[in-house]
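Below is one structure, written out as structure tokens; the observations come after it.
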Amino acid sequence: MWKEVSLMNKVDISDWKDFQISRLFRISSPASRSIKTYNEGDVPYVSSGSINNGIISYLEPNEDEELEKGNCITVSPLDGSSFYQEDDFLGRGGAGSAISLLYNDNLTRYNALFICTVIKIMAQKFDYNDALTSDNLKTLKISLPAQKDKNGEFSIDVNKQYSDEGFIPDWDYMEQYMKAIEEKAQRRIDILNKL
């Protein structure tokens, strides 16, 4: 089922299937927050930046303030920058450039990194005047590998949770693919460190 990943080979996307973001994820928004009302601390403050995992500061939460739950993908409306947030964090909410939060119980660090890349590519069709708002994000379709059975036929979910056709995202394939890339990159780093 799984083959060695070569970073030099193109990924065959010819049989990937389209999935609407709102069918894949529970979408929510962080509470409205102003960074000016916080003291420095150790909790990441995630905003709509395109670098550093969207983290622009580390803050001390206000007393009894609920954090955004980790194990989610954050998406910037400005450019579609998408990042996996492993740990709980403070998110930039409110109007304008408030991030969106994507949750799915199947999400892991690795398949989330795969999906973040796909979202960023698909979000290129949006610009500043037509930002990737939460409404646009809900209807955004992304292409992903779909689960197949042992005979190579697509597995179909009769409940059609993820698509009208019943296709199911291949969460395991995405995870294994990203793990293979990480392992290959680590081997190259190890070689460079020995030089």
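The values are calculated or read from the model by the stated rules, or taken from the named source; none is laboratory data. Because the structure is predicted, anything quoted here is derived from the model rather than measured. Glycine gets a Cβ as well: all are built from the backbone with ideal geometry, and neighbour counts include every protein chain shown. What goes into the accessible areas is simple: the full protein's heavy atoms, side chains included, and nothing from ligands, DNA or RNA. Shrake-Rupley method; radii C 1.70, N 1.55, O 1.52, S 1.80 Å.
Looking only at strands (runs of 3 or more DSSP E) that lie completely in region 8-64, which have at least 3 residues being in contact with a strand residue (DSSP E or B) (Cβ under 9 Å, 6 or more places away or on another chain) and more than 30 Å from residue 176 (Cβ to Cβ)?
39-46, 55-60
Surrounded by fewer than 20 Cβ atoms within 10 Å (Cβ to Cβ), modelled with pLDDT of 95 or more and of a type in the set (A, V, I, L, M): which single residue out of 35, 27 fits that description?
On inspection, the qualifying residue turns out to be 27.
Count, please, the residues in region 107-158 that happen to be assigned to a loop (DSSP other than H, G, I, E, B) and buried (at least 17 other Cβ atoms within 10 Å of the Cβ).
Count: 8.
Restricting region 159-195 to residues that are among the aliphatic types (A, V, I, L, M) and closer than 19 Å to residue 18 by Cβ, which is most open to solvent (accessible area, probe 1.4 Å)?
Among those that are among the aliphatic types (A, V, I, L, M) and closer than 19 Å to residue 18 by Cβ, it is 168.
Only one of these conditions is not met by residue 86: (1) touching a residue at least 24 places away in the same chain (Cβ under 8 Å); (2) touching a Lys or Arg at 6+ places or on another chain (Cβ under 8 Å). Which number is it?
(1)
Out of everything in region 38-49 that is out of contact with any helix residue (DSSP H, G or I) (no Cβ under 9 Å at 6 or more places or on another chain) and of a type in the set (Gly, Ala, Ser), what residue ends up being surrounded by the fewest Cβ atoms within 10 Å (Cβ to Cβ)?
41
Does residue 64 count as among the acidic types (Asp, Glu) and within 18 Å of residue 21 (Cβ to Cβ)?
No.
Looking at (1) under 26 Å from residue 136 (Cβ atoms); (2) within 15 Å of the chain's Cα centre (by Cα); (3) open to solvent by 10 Å² or more (accessible area, probe 1.4 Å), which one does residue 76 not meet, given that it meets all the others?
Every listed condition holds for residue 76 apart from (3).
Taking only pairs six or more apart or across chains, which ones have beta-carbon atoms under 8 Å, a first residue in region 28-56 that is farther than 20 Å from residue 81 by Cα, and a second residue that is at pLDDT 95 or above and assigned to a loop (DSSP other than H, G, I, E, B)?
Close Cβ pairs (under 8 Å, with a partner that is at pLDDT 95 or above and assigned to a loop (DSSP other than H, G, I, E, B)) amount to 38/61; 41/61; 43/61; 43/67; 43/88.
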